[in-house]
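First the structure, in the form of structure tokens, and then the observations on it.
Every number in this text was worked out from the coordinates using simple rules, so none of it is lab data. Computed from a prediction, not measured in an experiment: that's the story for all the values here. Backbone-built Cβ (ideal geometry, glycine too); neighbour counts: all protein chains shown.
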Ligand SMILES: Cc1cc2nc3c(=O)[nH]c(=O)nc-3n(C[C@H](O)[C@H](O)[C@H](O)COP(=O)(O)OP(=O)(O)OC[C@H]3O[C@@H](n4cnc5c(N)ncnc54)[C@H](O)[C@@H]3O)c2cc1C
């Protein structure tokens, strides 16, 4: 049995079945720090360690040539920016000192510090940072894939670069009837986005004079509108003012595009509800990529990389850290969270390299700019346990024009110029300046 074949046998058998050892370009690489995933967290960490280590000490394993600033997908769905505005070439974002292997991880073998890729490369690492995010699980909902691919179905999702422009095209085509917005029964990235797009649709339908002929429904699996009570209270006022029907504990289970019907399951009544739609915006169920989810040595019972929620170090392998949406930390999965996490991972991994204990602690910070129209936003910021932790000197639960323009212009600029380059660690310094007399 060849070396690579022996390695893949260590991985989940089903996963590695299609693995080929006859690829002409199979190679063996080695590095001090391997970063899997070149999205928000991966780029930030690669930049940080490239500054700290000599050239060729950092490898980034990332299959995609494009990198998207996903938080703007909501405004793409509302027609306020284009998907092109959200995209940059991966090669221009990754630090020059990093080696980029444009391939996907097939399996991690943590006991021998190796990663095998889909194309058959083997990468030896000393330290590993896992930053592979969450993927959309469209197949969990029968009928959804076909409906998303059909241009005239009225079904779209801002949670994908491929379908977020369709949301605006569906809004333009909508003239009357039900516009339904969903929230699934899995953990998702940006838990505020499913309702933001409903608020923007309401504003758009008002602009195009079809609102009076439209019923807007927000069907969510959750028993509340938002997980942080301070913001939930204000959002309920928005929902009331906009006359949006909220159905709690109601989960999309099937789409029937040929009849323009969506089937929901109501958990309280334990019954199916069939609703007609003119427009259906789906927030798909999400999960970690399969190669990670099925690696029992590394994940928790839900398939997330099992890390200490404060230090972000793997609970099982000290030379492995996690950052971003793919980890088990019970925070709101946002880019804002990753900014704060990147500082913690950087300093804790440096301590691990020196054989010290990781001392820095992630406080669970997350932020969610809840767009309530084309010019207003509630800027939610909070820590573990849903404790509000606001940066600005005004009450951020109030709808604000300033927060809207921060979301549209300031945050993307911070992202491209500072965050993915490893220079942004969240707004804590600004917060301290804005609240000089507050005890930390
Ligand atoms: C519609 C929408 C609105 C949002 N709004 C906000 C907001 O207002 N504020 C906010 O802070 N956040 C928001 N977010 C969330 C934010 O974009 C994510 O939390 C963040 O981008 C996650 O970063 P990540 O590095 O964990 O994952 P990603 O940036 O998704 O990167 C994961 C990377 O891993 C790669 N990968 C996957 N599998 C493999 C593999 N097998 N091998 C190698 N690489 C792999 C992928 O190609 C990808 O590049 C929003 C997201 C969406 C979709």
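Ranked by how many other Cβ atoms sit within 10 Å of their own Cβ, fewest first, the residues 314, 373 fall in the order 373, 314. Rg over Rh for region 245-309 works out to 1.15, using Cα positions for both radii and the Kirkwood form for Rh. Among 317, 277, 409, sorting on how many other beta-carbon atoms sit within 10 Å of each Cβ, with the fewest leading, yields 409, 317, 277.
Please list the three semi-axes, largest first and in whole Å, of the ellipsoid equivalent to region 136-284, using sqrt of 5 times the eigenvalues of its alpha carbon gyration tensor. Provide the component values of the computation, followed by the final result.
On the way: eigenvalues 85, 73, 43 Å².
Taking √(5λ) for each Cα gyration eigenvalue gives 21, 19, 15 Å.
Can you work out the FRET efficiency for the pair residue 270 and residue 309, with r the C-beta to C-beta distance and R0 = 30 Å, to the nearest 0.05?
Details: r = 34 Å, r/R0 = 1.12.
Efficiency, from the Cβ-Cβ distance: 0.35.
Taken as Cα centroids, region 196-216 and region 140-166 sit 20 Å apart, rounded to the nearest whole angstrom. Spread over its residues, the convex hull of the C-alpha atoms of region 221-275 is 90 Å³ per residue.
Considering region 288-417 at the alpha-carbon level, its Rg and Dmax are found to be 16.8, 51 Å. Of 416, 100, the sequence from fewest to most neighbouring Cβ atoms within 10 angstrom is 416, 100. Calculate how steeply helix 229-241 sits against the longest principal axis of the alpha-carbon atoms of the chain, using the helix alpha-carbon long axis, and give the answer as 0 to 90 degrees to the nearest 10. It works out to around 40 degrees. Each semi-axis of the equivalent ellipsoid for region 53-140 is √(5λ) with λ an eigenvalue of the Cα gyration tensor; in descending order they amount to 29, 18, 10 Å.
What do the square roots of 5 times the Cα gyration tensor eigenvalues come to for region 204-336, in whole Å, largest first, as semi-axes of the equivalent ellipsoid? Walk me through the numbers before you get to the answer.
Details: eigenvalues 261, 76, 38 Å².
Rounded to whole Å, the semi-axes are 36, 20, 14.
A crude spin-label estimate for the pair residue 374 and residue 222, with each label 7 Å from Cα along the Cβ direction, gives 2.7 nm.
Region 366-434: percent of C-alpha pairs farther apart than 17 Å? Looking at region 366-434, the distances longer than 17 Å represent 46 percent of pairs.
Taking only Cα atoms, what is the 0 to 90° angle, nearest 10, from helix 335-353's long axis to the longest principal axis of the chain? Helix 335-353 sits at roughly 20 degrees to that axis.
Percent of Cα pairs in the chain per distance bin of 20 Å, from zero to the largest separation: 25, 55, 19, 0.
Maximal additional length on extending the residue 91-residue 208 stretch stands at 38.0 nm, based on 0.36 nm per residue less the C-alpha distance. Extension gain, residue 413-residue 317: 0.36 nm per intervening residue step, less the Cα-Cα distance, totals 31.0 nm. If you take the Cα centroid of region 39-111 and the Cα centroid of region 340-392, the two points sit 20 Å apart. Remark: spin-label model distance residue 237-residue 296 equals 5.2 nm, labels positioned 7 Å along the Cα→Cβ axis. Comparing Cα centroids, region 413-440 and region 256-301 end up 36 angstrom apart.
Counting pairwise Cα distances across region 136-196, what percent come out greater than 19 angstrom?
Numbers: 548 of 1830 pairs.
Summing the P(r) of region 136-196 above 19 Å gives 30 percent of all pairs.
Expressed in nm to one decimal, what extension gain is obtained for the pair residue 438 and residue 51 from 0.36 nm per residue of sequence separation less their Cα-Cα distance?
Numbers: separation 387, 0.36 × 387 = 139.32 nm, distance 3.41 nm.
Using 0.36 nm per residue and subtracting the Cα-Cα distance, I get 135.9 nm.
Model label points for residue 401 and residue 356, set 7 angstrom from Cα along the Cα-to-Cβ axis, are 4.9 nm apart.
Provide the percentage of antiparallel DSSP beta bridges, counting only those with both residues in the chain; round to the nearest 5. Display every interim value, and only then the final one.
Details: 36 of 71 bridges.
So the antiparallel bridges amount to about 50 percent of the total.
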